[in-house]
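Peer 1: My questions will all concern the structure given below.
No lab work stands behind these numbers, since they all come straight from the coordinates. It should be emphasised that the depicted structure is a prediction, and the values quoted were computed from it without experimental measurement. Glycine also receives a Cβ, built like all others from the backbone with ideal geometry; neighbour counts cover every protein chain displayed.
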Amino acid sequence: MLSKLRFDTPASMTFSRKQQQILGIVCFLYGIWLFSFVYADAHNSVQSSQLVKSDPPEFVFYIEPPVDINTGNSEELQLLPSIGPVLAKRIIAYRERHGPFTSVDSLRNVRGIGPKTIQKLRYYFEF
């Protein structure tokens with residue numbers, strides 16, 4: 001019964017041999033293009049990593065004029081990286097109790113400031 005069925009395609013729906021080849025090449029190139037985006041998306045994802053050292057001086061965001069750690073108020077100190085309102089209050093309190101800071105490294109005596117924070121702050125202070 002199935003052998004008697006015949007599906008005729010209208011002449012307007014047939015492709016010549018040349019058109020079939022061109023269509024095959026276009027589909028193949030589109031597949032390669034599509035695959036390259038899927039592969040790139042799967043293998044080039046953004047990964048985070050920790051900073052090993054602070055930014056070099058030429059890439060540091062400078063505050064004009066630089067903050068004087070011995071006279072700066074809380075708002076000025078909060079402009080610096082890693083310094084929030086709590087650390088700014090601690091710096092001011094330490095400065096009032098123990099006198100002026102002599103270097104950026106003397107900030108290590110303030111509770112909550114460690115070597116990584118000092119590395120970030122090194123280029124922002126003037127003495």
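Peer 1: With an 8 Å Cα cut-off and a minimum separation of 6 or more residues, compute the relative contact order for segment 57-121 in percent.
Peer 2: Values: 40 pairs, mean separation 17.5, N = 65.
Relative contact order of segment 57-121: 27 percent.
Peer 1: For every other residue with a beta carbon closer than 14 angstrom to the beta carbon of N109, add +1 if it is Lys or Arg and -1 if Asp or Glu, then tell me the sum.
Peer 2: Summing Lys and Arg as +1 and Asp and Glu as -1 gives +3.
Peer 1: Let me ask another. What ³J(HN,Hα) values, in whole Hz, does the Karplus curve 6.51 cos²θ - 1.76 cosθ + 1.60 give for segment 22-31 when θ = phi - 60°, with x put for Gly and Pro?
Peer 2: These are the phi-based 3J(HN,Hα) values: 5, 4, x, 5, 4, 5, 5, 5, 5, x Hz.
Peer 1: Sticking with this structure for a sec: How would you classify segment 57-121 from its alpha-carbon gyration tensor, with a ≥ b ≥ c the square roots of the eigenvalues: rounded for a/c under 1.5, else prolate if a/b is greater than b/c, otherwise oblate?
Peer 2: The shape class here is prolate.
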